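Okay, structure first, notes after.
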Amino acid sequence: MILEETYTLSNGVEIPKLGLGTWLINDKDARQAVKDAAEIGYRHIDTAQAYRNESGVGDGIRACGVKREDMFVTTKIAAEIKSYKKAVESIDKSLKTLGLDYIDMMIIHSPKPWSLFHGNDHYFEGNREAWRSLEEAYKAGKLRAIGLSNFEKADIDNILESCTVAPMLNQILAHIGNTPFELIRYTEEKGMLVEAYSPLAHGRLLRNKEVMKIAAKYGVSVPQLCVRYTLQLGLLPLPKTVHPAYMKNNSAVDFEISEEDMTFLKNMK
Ligand SMILES: NC(=O)c1ccc[n+]([C@@H]2O[C@H](COP(=O)([O-])OP(=O)(O)OC[C@H]3O[C@@H](n4cnc5c(N)ncnc54)[C@H](OP(=O)(O)O)[C@@H]3O)[C@@H](O)[C@H]2O)c1
């Protein structure tokens, strides 16, 4: 059962193979969403400073009845923070807002601030500074693992050239119809796990006729097919939902997509 399975990160830390995404879950609903997810068997929650729900997520972690050490919590340094000092402050703020003694995984949300996401400036220096703050918090035991998000090859190389602790994962956009195979291969070659965010294309794949047809063939829902697709690629999916029924559905993925259908799905545009 997928909820009981883990990947092992390069530093030996185990990370549950399925995580609950929490983008767009507001702070007051996050507590209940985390509690519901934990009751269903989820042990991995993905939040971020930018989601403004770290407080609710932390409440949910403390209230869910599962031992802290059995839950895996990821949060992210806001994309706009590109200085060492601000990054250090933001890590301590996340710990405080979450109300946790340690965070399992903390990652740089994006190499570029969102408003300049399509610009040419890679913020190489700022990302090295943010990375140094993560390394220090990791060495101090505040974070069990550290990583990246939305990092392309050049951004990854920038960190690898100067780091003292190598990143353990890269969280990127990956779903049927948009799977960046080259970046996945490169990230994995560098010893990192790849997490697939927006595995349902933010819900858009639910209306895709071709995907619906393949899901029907396996007697599963489109979200189940999407989650299973990323798992069969060796990725860690983070489907988001507030509905317990959807949480259950997204975690019931003990079926196998055939090689032929995987090839079709991989090539879908
Ligand atoms: N690192 C980054 O830059 C980044 C960027 C984007 C996302 N993420 C992470 O990845 C997570 C997932 O991505 P996402 O939020 O963009 O979208 P997603 O998981 O691809 O899709 C979420 C949508 O699908 C719906 N849904 C989920 N399960 C369903 C089911 N079984 N049946 C029917 N509908 C279902 C949800 O509905 P309801 O909301 O009604 O439940 C929601 O509208 C985020 O929450 C966040 O944690 C990270």
Query raised in the report: Among the residues of segment 199-243, how many are over 21 Å from residue 261 (Cα atoms), open to solvent by 20 Å² or more (accessible area, probe 1.4 Å) and among the polar types (S, T, N, Q)?
Result: 0
Query - Residues located in segment 201-211, provided they are within 12 Å of the ligand (Cβ to nearest atom) and closer than 16 Å to residue 267 by Cα - result: 201, 205
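Please go through segment 91-112 and pick out each residue that is touching a Ser or Thr at 6+ places or on another chain (Cβ under 8 Å) and either open to solvent by 10 Å² or more (accessible area, probe 1.4 Å) or in a loop (DSSP other than H, G, I, E, B) (or both).
Of all residues in segment 91-112, those touching a Ser or Thr at 6+ places or on another chain (Cβ under 8 Å) come to 91, 94, 97-99, 103-110.
Matches in segment 91-112: 97, 99, 109, 110.
So that you can scan it fast, the table gives a plain yes or no per residue for (1) open to solvent by 50 Å² or more (accessible area, probe 1.4 Å); (2) free of Cβ contacts under 8 Å to residues at least 24 places away in the same chain; (3) more than 14 Å from the ligand (Cβ to nearest atom):
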| site | (1), (2), (3) |
| --- | --- |
| 155 | no, no, no |
| 160 | yes, no, yes |
| 169 | no, no, no |
| 173 | yes, no, no |
| 179 | no, no, no |
| 184 | no, no, yes |
| 190 | yes, no, yes |
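Could you say whether any residue in segment 258-265 is away from the ligand (no atom under 12 Å from the Cβ), in contact (Cβ under 8 Å) with a residue 12 or more places away in the chain and surrounded by 21 or more Cβ atoms within 10 Å (Cβ to Cβ)? Step through it out loud before you land on a result.
In the first step, residues of segment 258-265 are kept if they are away from the ligand (no atom under 12 Å from the Cβ); the result is 258-265.
From what's left, in contact (Cβ under 8 Å) with a residue 12 or more places away in the chain: 261-262, 264-265.
Still in the list and also surrounded by 21 or more Cβ atoms within 10 Å (Cβ to Cβ): 265.
Looking through segment 258-265, at least one residue is away from the ligand (no atom under 12 Å from the Cβ), in contact (Cβ under 8 Å) with a residue 12 or more places away in the chain and surrounded by 21 or more Cβ atoms within 10 Å (Cβ to Cβ).
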Query raised in the report: Which ones in segment 43-68 are touching a Ser or Thr at 6+ places or on another chain (Cβ under 9 Å), open to solvent by 20 Å² or more (accessible area, probe 1.4 Å) and closer than 20 Å to residue 89 by Cα?
Result: 49, 51, 55
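Can you give me the number of residues within segment 10-33 that are closer than 19 Å to residue 60 by Cβ, loosely packed, with under 15 Cβ neighbours inside 10 Å and free of Cβ contacts under 8 Å to residues at least 60 places away in the same chain? Write out each step before concluding.
Looking only at segment 10-33, we keep the residues that are closer than 19 Å to residue 60 by Cβ, and these are 15-16, 18-33.
Retained after the next criterion (residues that are loosely packed, with under 15 Cβ neighbours inside 10 Å): 24, 26, 28.
With free of Cβ contacts under 8 Å to residues at least 60 places away in the same chain added as a condition, the list becomes 26, 28.
Count: 2.
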Requested in this report: Quick one: in segment 72-89, of everything that is within 17 Å of residue 113 (Cα to Cα) and among the polar types (S, T, N, Q), which residue is most open to solvent (accessible area, probe 1.4 Å)?
Outcome: 83
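Would you check if residue 121 is open to solvent by 60 Å² or more (accessible area, probe 1.4 Å), under 23 Å from residue 162 (Cβ atoms) and either in a loop (DSSP other than H, G, I, E, B) or among the hydrophobic types (A, V, I, L, M, F, W, C) (or both)?
Values: open to solvent by 60 Å² or more (accessible area, probe 1.4 Å): yes; under 23 Å from residue 162 (Cβ atoms): yes; either in a loop (DSSP other than H, G, I, E, B) or among the hydrophobic types (A, V, I, L, M, F, W, C) (or both): yes.
Judged against the criteria, residue 121 is a match.
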Report task. Would you check which residues across segment 222-242 are within 7 Å of the ligand (Cβ to nearest atom) and assigned to a loop (DSSP other than H, G, I, E, B) and list them? Result -> 238, 239, 241, 242
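The values are calculated or read from the model by the stated rules, or taken from the named source; none is laboratory data. Keep in mind that what you see is a predicted model, and the values were worked out from it rather than measured. Glycine also receives a Cβ, built like all others from the backbone with ideal geometry; neighbour counts cover every protein chain displayed. Just so you know, the surface numbers come from the protein's heavy atoms only, side chains and all, with ligands and any DNA or RNA stripped out. Shrake-Rupley method; radii C 1.70, N 1.55, O 1.52, S 1.80 Å.
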